[in-house]
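The values are calculated or read from the model by the stated rules, or taken from the named source; none is laboratory data. Values in this document were obtained by computation on a predicted structure and should not be read as measured data. Don't worry about glycine lacking a Cβ; one is built from the backbone with ideal geometry, like all the others, and counts go over all protein chains shown. Surface areas here come from the heavy atoms of the whole protein model, side chains and all, with no ligands, DNA or RNA. Shrake-Rupley method; radii C 1.70, N 1.55, O 1.52, S 1.80 Å.
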Amino acid sequence: MPVLSVIVPFHNVEKYIGPCLDSISGQTMSDLEVICVDDGSRDDGCAEVESRQAADPRIRLIRQPNQGVGKARNVGLTQATGRYLAFVDGDDTVPREAFKRLVSSLESTGSDLACGNVMRLYRNLLIPSWAHREAFATPMRRTHITRHPLLIRDRMLWNKVYRRSFWDRLGLSFPERMYEDQPVAMAAHVGARSVDVLSKVVYHWRQRDEPGSSITQRRLEPGNLRDRMLSVLQTADLLARDAPGLKPDFDRDTLDIDMTVAVEAAATTGMRPELLDLMVRYLDGVSRESWLSVPFEHRIQVHLLHRRRLQELAGVHEQAREGRLQPRVRPSGLLRRRWYGRHPAIPAQLSEVSEELALTARLVSLEWRDGVLTGAGRAALGRFDAGALRRVRLRACLAERATGEIIRLSDEQSAPVWETVELEEGVEAPEHAFPFAFAVDPAVFTPAQLARRGHWDLRVQLRGHGLRLDARVAGPRWLPPQVPAPRRRSGVWLVPARGSKGGWGLRLRNAQALIGECRVDDGDLVFSGRIDDLGDGEPVVRLRRKSDGEEMYFPVALTGQDFSARVPLAGIDESVGRESWWEVVIDQGRPIRPLVRRAERQVATVDDRRFLIDRSEDGCLLLAER
C-alpha cells in the first residue's frame, strides 16, 4: 500500500498533462500512486498518459465518458489505496519537494490535513497567487480555520494532502458539477481537528490563455453560474451550521468575487429566473456587517441584484464601467463623525462608507520653470462626489523613504471642482476633485540630504470636516504628464521619476553613464551617450524583466567614452500578462545604470506590439510593453 495516492482528473489537456505527470513522477517522495482519470477527452491526452505509464508503473489510467471533474475525482477515490490523498488538476504542476513536505508535516503533527502556498503559472512565469499570499505568509502547525480565518480563501483542493482516515470519517465526496472543490475544501477545513499551514510553495496553478479553455473564461454562461451559486450556497450552509463565526469572512469574499461575476452577467446578458432565485437566496442570508464590507459602488449593484431590479442594475453597471457612477458623500455626527454615500437605489442602513473613504491624487502637469520643478494635480475621495466637503486644506510634500523626513511644498485651501479626465484605454470620465499646486526648489535640499542620494515620494494630505487623509501622488504610466528631464545640483542629479506602479517622486543620485539620445528607428530602440569609467570589460546592454528577472543581451559600440546601442524591439520576449517592464542596464562586469537626460517619452508600435520608452524610478532607461 503506497503512502500517498495522487488523483489526477483530466479532460482535453493534451498540451499540459505530460508536464503535469512529469512533475508528479519527479517528486522526492517516491512512495506514491498516480491515478489518472480521463473524463472523456477528445484529444490525445490519453496517449500522453500512456507514454508516461510505460516508464512509470506507479501511474494508472482510468477512462470514463465525459461526466465532469467531480465524477472523475470520485471515481479516482474509489481506486485510491494510500494512507494520504492528494489531488492535482491535469493542466497544473507540482514543485519537486511538495508532497514530501506536506506528508512529513502530517506525520510529525498528526493533523488531518496539510496545505501550502501557491504560485500562478502563466506560460513560463510564476506569480504569487493573491488568494493564498496572506493566508500562507507564516507557517503554522496544528492550527484551524477558526483560529486562522484567512484560510477561508483557501477553497481549492489541490494545494493539500489529506489523511485518508479523516476523509472517510467526514464522508467527503464531490458534487458532480463545476466548482465542486469549494464545498469539499471548506468542509475539510471546518471538520479537521487540526491543520498544518506551510509557507513553502506546494502547487503551480496554471493560468491558461486559450479561448474558452477554462471555467473562468466561461464564467457568464448560465450553467457555469448555476454551478457556481450551488457551491456558494452549499458552503454558506455548511459555515452557518458548523462555523458561524467564519461566515462573515466567507460572505465578504463571496460578495467581492462571486457576486461581481453575478452582477456582470445580470447586467450584460440577462438572468434566468431560477438562477436569480439562487442568488437572492444566498444574499438573503448575508449580514449587514458583510454588506458594509463591500465597496459602495459594488454594493449598489449587488443590492439591485438582490432586489431583482435588473433593468436599473444594467444602467448602474454601465455607469460604473464608464467611471460615471459618482455617488455623493455626506457626514453625520459631531463627536464621532461617520460618512454615508447617497444613491436612490440603496437604503440608509447599507449606505455607510466611513471605512471606504480614501484619498487618491494624480498629477496634471509637471515641468521645470526657471530652475524650479513646478507641478499641479488633483486629489479626490476615490470615485465619490465630494461636494459636501466644500473647502479643505491640502498639503503637498516630499517624504524620504529611508528616513521619513518631510519637505513641505505647499499648504492651501481648496474646493472641489468637476473635470473630465482621461482614464486608460482612451476612456474619459467625470471626476470631482480638489486642485493643488506645488514647487520644488532644488535649493531646499540640505547637503546631508543630497549626500544620502535618497528616494523622495510626492504625497498629498487632506484635512477638514473630520477627515485626515494621506496619499502618494500616482497615476497610470501610459498617460500624461510626461516626466521632466533630470537637473544637477552640487554634483547630484535630481531626477523626477514615476515608478512602475505610477507613483511620482524625486530621486537623488550620481550617474556613471548618461544617455543623451534615445529614439525608435525602423523598429529598433536606438540610444547613445557617454560612460565616465570604461573599466576593463567589454560592455553589453542587458535588459532585465522586472517581474521575473528574465534577461536579454545586446551589443554596445564604443568610440572612446562614447557608446551607442541598438535593440530590435521585435526580438524582445513577448509580454507576460498585461504588461512587461524591462530595465535597461549597461553591463561591464558590473552593472552601470545610465541616466536618461532627455525628457521625451515615446510610444512605438512594432509588429502589432505596443512599446513605451520611459524612465525608471532611478532615471534609467525603461522599456515597457502592453
All but one of (1) surrounded by 21 or more Cβ atoms within 10 Å (Cβ to Cβ); (2) among the small types (Gly, Ala, Ser); (3) without any contact (Cβ under 8 Å) to a residue 60 or more places away in the chain hold for Ser108; which doesn't? (1)
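Table: residues versus (1) touching a helix residue (DSSP H, G or I) at 6+ places or on another chain (Cβ under 7 Å); (2) modelled with pLDDT of 95 or more.
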position	(1), (2)
Leu170	yes, yes
Pro175	yes, no
Asp181	no, no
Ala185	no, yes
His189	yes, yes
Ser199	no, yes
Tyr203	yes, yes
Leu225	yes, no
Of all residues being open to solvent by less than 10 Å² (accessible area, probe 1.4 Å) and in contact with a helix residue (DSSP H, G or I) (Cβ under 9 Å, 6 or more places away or on another chain) in region 95-105, which is farthest from Val37 (Cα to Cα)? Just the residue, please. Ala98
Filter region 141-159 for residues that are among the charged types (D, E, K, R) and closer than 20 Å to Leu239 by Cα; which is surrounded by the most Cβ atoms within 10 Å (Cβ to Cβ)? Asp154
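Considering each of Leu479, Leu506, Leu494 in turn, give the residue that is more than 27 Å from Gln588 (Cβ to Cβ) and part of a strand (DSSP E or B).
Checking each option against the conditions leaves just Leu506.
Looking only at region 331-348, how many residues end up being among the charged types (D, E, K, R) and buried (at least 16 other Cβ atoms within 10 Å of the Cβ)? Show your work before the answer.
Step one: filter region 331-348 for residues among the charged types (D, E, K, R), giving 336-338, 342.
Narrowing further to those that are buried (at least 16 other Cβ atoms within 10 Å of the Cβ): 342.
So the answer is 1.
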Scanning region 471-490 for residues that are open to solvent by less than 70 Å² (accessible area, probe 1.4 Å) and either within 28 Å of the chain's Cα centre (by Cα) or farther than 22 Å from Ala511 by Cβ (or both) gives Ala471, Val473, Ala474, Gly475, Pro476, Arg477, Trp478, Leu479, Pro481, Val483
Given the residues Gly76, Gly70, Gly82, which is the only one that is assigned to a loop (DSSP other than H, G, I, E, B) and surrounded by 20 or more Cβ atoms within 10 Å (Cβ to Cβ)? Gly82
For region 129-183, what are the residues that are of a type in the set (S, T, N, Q) and farther than 18 Å from Trp205 by Cβ? Thr138, Thr143, Thr146, Ser165, Ser173
For region 27-40, check the following and say yes or no: at least one residue is touching a Lys or Arg at 6+ places or on another chain (Cβ under 7 Å), touching a residue at least 40 places away in the same chain (Cβ under 8 Å), open to solvent by 10 Å² or more (accessible area, probe 1.4 Å) and within 19 Å of Asp181 (Cβ to Cβ). no
Out of region 29-55, which residues are touching a strand residue (DSSP E or B) at 6+ places or on another chain (Cβ under 9 Å), more than 26 Å from Arg163 (Cα to Cα) and assigned to a loop (DSSP other than H, G, I, E, B)? Gly40, Ser41
Of the residues that sit in region 519-573 and are within 13 Å of Leu623 (Cβ to Cβ) and of a type in the set (Phe, Trp, Tyr), which one is surrounded by the most Cβ atoms within 10 Å (Cβ to Cβ)? Phe527
Restricting attention to region 424-442, does a residue exist that is more than 24 Å from Ser500 (Cα to Cα) and β-branched (Val, Ile, Thr)? no
So Gly464 clears everything in (1) surrounded by fewer than 17 Cβ atoms within 10 Å (Cβ to Cβ); (2) in contact (Cβ under 8 Å) with a residue 60 or more places away in the chain; (3) out of contact with any Pro (no Cβ under 9 Å at 6 or more places or on another chain); (4) at negative phi except one condition, right? Which one? (4)
